[in-house]
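Since the structure comes first, as structure tokens, the remarks are kept for the end.
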Amino acid sequence: MALHEKALPFDIQPVDLGAKAQHDPDYAAKSLTHRVPTLIHDGFALSESSAIAEYVDEVFPGTALYPADTQNRARARQIQAWIRSDLTPLKQERPTEVVFAGETWPPLSPEAQRAAEKLISAAEFLLPDNAKTLFEQWSIADVDLAVTLNRLIFNGDPVPNHLVTYANEQWQHPSVQLWLKQSSPGN
Ligand SMILES: N[C@@H](CCC(=O)N[C@@H](CS)C(=O)NCC(=O)O)C(=O)O
């Protein structure tokens, strides 16, 4: 999505996680963490999506992926780090298949419900007055937050209306749509 947002040309080499291809020697030699995504640019290989997004933003011109203001940029990085490191029960019970493959999962356990409440309360704090973006301008943290809210929304779990509107509008962001089309089966 970061590469689409910057309108950069790139090739994708899919990695079959089902076949544990992330541990194949060829891939493991390139990907320090043996995980996807891994960006390869000018012979430099980098995994961890938020590190990739920051690298792409620093190296390439075009639309900024992170806010220019120091505190807003720190907040964007905080949201990315938090979403990647917390909310584990929610992510287990509302896996990405809910968002990307139309799956519906059973009701949340009390633990996952607590994580959902924490997510919603943070989103409400970050998006007062029906804000359309986290900061004055769109940033990649909007995508992280929208994907995480959509884990609940796409499953039919209750989410306040203004956050549903926010996540729906973020989903229509052009580079998100390009990313979704490129990730869909058959592409
Ligand atoms: N925090 C990492 C998560 C990367 C991640 O979990 N990738 C998964 C696929 S979405 C993966 O490579 N799983 C295989 C594995 O960990 O062996 C990021 O944002 O890049």
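This model, with +1 at the C-beta of Lys and Arg and -1 at the C-beta of Asp and Glu, gives the chain a dipole about its Cα centre of some 160 debye. Each pair of Cα atoms in the range 99-184 enters the Kirkwood radius, and Stokes-Einstein at 10 °C and 1.306 mPa s then converts it into a translational diffusion coefficient of 117 µm²/s. Between the amide H of E103 and those of V98, distances stay under 5 Å, these residues lying 5 or more places away or on another chain, with hydrogens modeled in the peptide plane. What's the long-distance tail for the chain, i.e. % of Cα pairs beyond 28 Å? Tail fraction, whole percent: 27. Computed from phi, the 3J(HN,Hα) profile of the range 45-50 under the Karplus parametrisation 6.51, -1.76, 1.60 (θ = phi - 60°) reads 9, 9, 10, 6, 4, 6 Hz, with x in place of Gly and Pro. Would you list which aspartates and glutamates come within 15 Å of K132, measuring only between C-alpha atoms, while excluding same-chain residues fewer than 8 positions from it? Partners found: E124, D142, D144, E169.
Taking one quarter of the surface of the convex hull spanned by the alpha-carbon atoms of the range 2-64 gives a direction-averaged projected area of 4.4 nm².
Under the simplified labelling scheme, the D42-T70 pair shows an inter-label distance of 2.7 nm, with each label point 7 Å from Cα along Cα→Cβ. A Cβ-based charge dipole, computed about the Cα centre of the range 2-64 with Lys and Arg at +1 and Asp and Glu at -1, lands at about 160 debye. Among the trypsin sites (Lys or Arg not before Pro) found in the range 8-95, those both in a DSSP coil and sparsely packed, with 11 or fewer other Cβ atoms within 10 Å of their Cβ, are K20.
Remark: for residue pairs K91/K181; K118/K181; K20/K118, the C-alpha separation exceeds 25 Å in K118/K181; K20/K118. By the beta-carbon count within 10 Å of each Cβ, the least crowded to most crowded order of S109, S175, S121, fewest first, is S121, S109, S175. Along the range 26-38 the Karplus relation, 6.51 cos²θ - 1.76 cosθ + 1.60 evaluated at θ = phi - 60°, assigns HN-Hα couplings of 4, 6, 4, 5, 8, 9, 3, 9, 6, 10, 9, x, 10 Hz to successive residues, with x for each Gly and Pro.
FYI, it's all coordinate maths here, none of it is from the lab. All values reported here derive from a predicted model rather than from experimental measurement. Here the Cβ is made from the backbone with ideal geometry for all residues, glycine too, and neighbour counts use every protein chain on show.
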